[in-house]
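A.B. asks: What follows is a structure written as structure tokens; I'll ask about it next.
Each reported figure results from applying straightforward, stated rules to the coordinates on display, with no laboratory input. Because the structure is predicted, anything quoted here is derived from the model rather than measured. Cβ placement follows ideal geometry from the backbone for every residue including glycine, while neighbour counts extend to all protein chains displayed.
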Amino acid sequence: MSQLSQDPKWARANTLFGSKNPSADFALVGIPAHETSLSSTSAHLSPAAIREALARYSTFSTSGKHDLRNLSFTDLGDIANPDGDAGEARVADALSGLLWKHKLVVALGGDNSITYSAAAGLFPDLSKIGLITLDAHHDLRDGKSNGSPVWRLIEAGLPAKNIVQIGIADFANSAEYSARAKEYGITVISRAKLRDKSLKRVIEKALKIAGAGGREIYVDLDVDVCDRAVAPACPASVPGGISADEIRQATRLLASDKRVRAIDITEIDAALDTPDQRTIRLAALLVLEAAAGLATR
């Protein structure tokens, strides 16, 4: 990164994570999984790139009048070698008990396989939580890959009736896996349906379904839900996906709900980004939008 200007009256967002606070409101953790991806990826490079990009932004939300310096933050670093059965066991061990210490945990991927390992590590009983995904894909494939985390969570006990998938794209899923989503009772709000709906109302509906009965909620932000023009570093992003503004708005709305305890940001391959780092910079803003949402609770 080129040398950035210094101004004592313009705090940079990366400085939020300068201290180690074992009971901080907001905990950041990197899970650089990439080895089981369906397509070759350098997604393991993304946690470090996202942290670096935080320096591009300030700590102040103009619209919400929130200075994030009023919250406490900690960066737990990266979990080494998170792929495969042994790696997922390391993720579970590293994340176990974090929700007793922090109001919100944000995990930086890595590919989308971390949605399974992180949720399973954070929540000892998956049958008692809900899941909201912003994703172009159902992630209901068989096997163990970045295409299977939602299916693996269902097999591990997470009730499909408490899963909401937002932004599912045309020509990005098979008829067979679409039928599986319908068979198991997953609520699917497709990209096409979003065009005629208020995003705020969509998020309210998703929270109601996923959080029914007071359930805690895990949120998966697969950035390939975005239009390929704003997320070129997501190998499976589709032209016509949601806008950068929409995913930012959705992230803040979701994080403002106290039932949302964990959020992941996945599927970015830092090595594929454009020279202006538009995808990585968007991911850094999603970290800050999550914090801004937390500030409203």
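A.B. asks: Got a sec to turn the phi values of region 86-91 into Karplus ³J(HN,Hα) couplings, 6.51 cos²θ - 1.76 cosθ + 1.60 with θ = phi - 60°, whole Hz, x for Gly and Pro?
C.D. replies: 5, x, 5, 5, 5, 4
A.B. asks: Run the helix sum for the chain: -39,500 (n - 2.57) per DSSP H stretch of 4+ residues, divided by residue count, reported at 222 nm to the nearest 500 deg cm²/dmol.
C.D. replies: On the way: 10 runs with 96 residues, N = 297.
Rounded to the nearest 500, the figure is -9500 deg cm²/dmol.
A.B. asks: Calculate, in nm to one decimal, what N81 and A48 gain on full extension: separation in residues at 0.36 nm each, minus their alpha carbon distance.
C.D. replies: 10.4 nm
A.B. asks: Got a sec to turn the phi values of region 164-173 into Karplus ³J(HN,Hα) couplings, 6.51 cos²θ - 1.76 cosθ + 1.60 with θ = phi - 60°, whole Hz, x for Gly and Pro?
C.D. replies: Residue by residue, region 164-173 yields 10, 10, 10, x, 4, 9, 5, 6, 10, 9 Hz.
A.B. asks: A follow-up question, please. Please find, in a Gaussian network model of the chain (springs between Cα atoms separated by less than 10 Å), the residue of P149, P32, P275 whose mean-square fluctuation is greatest.
C.D. replies: Maximum fluctuation in the GNM of the chain, among the listed residues, is at P275.
A.B. asks: Could the peptides 193-202, 178-187 be put in order, highest first, of the mean number of other beta-carbon atoms found within 10 Å of their residues?
C.D. replies: Numbers: 193-202: 12.3, 178-187: 15.5.
Put in order of decreasing packing, that is 178-187, 193-202.
A.B. asks: Gap in Å between the Cα centre of region 24-43 and the Cα centre of region 92-135?
C.D. replies: 12 Å
A.B. asks: With a 10 Å cut-off between alpha carbons and a GNM built on the chain, which of A11, A175, A206 moves the most?
C.D. replies: Looking only at A11, A175, A206, the largest GNM fluctuation is found for A175.
A.B. asks: Quick check on region 13-295: of the DSSP beta bridges with both residues there, what percent are antiparallel, nearest 5%? All intermediate terms of the calculation are to be shown ahead of the outcome.
C.D. replies: On the way: 2 of 38 bridges.
Approximately 5 percent, going by the DSSP bridge assignments.
A.B. asks: Loop only by DSSP, 12 or fewer other Cβ within 10 Å of the Cβ. Give me the chymotrypsin sites (Phe, Trp or Tyr not before Pro) in region 1-55 that pass, ordered by residue number.
C.D. replies: On the way: sites: W10, F17, F26; in loops: W10.
Here the chymotrypsin sites (Phe, Trp or Tyr not before Pro) that fit, given the DSSP loop and packing criteria, are W10.
A.B. asks: Here's something else I'd like to know. For S19 and S39, compute 0.36 nm times the residue count separating them, minus their Cα-Cα distance, and round to one decimal in nm. Please list the in-between numbers first.
C.D. replies: Details: separation 20, 0.36 × 20 = 7.20 nm, distance 3.65 nm.
Stretched out fully, the S19 to S39 stretch lengthens by 3.6 nm.
A.B. asks: Same structure, new question: How far is it, in nm, from the label point at K182 to the one at A271 when both lie 7 Å from their Cα along the line to the Cβ?
C.D. replies: 3.9 nm
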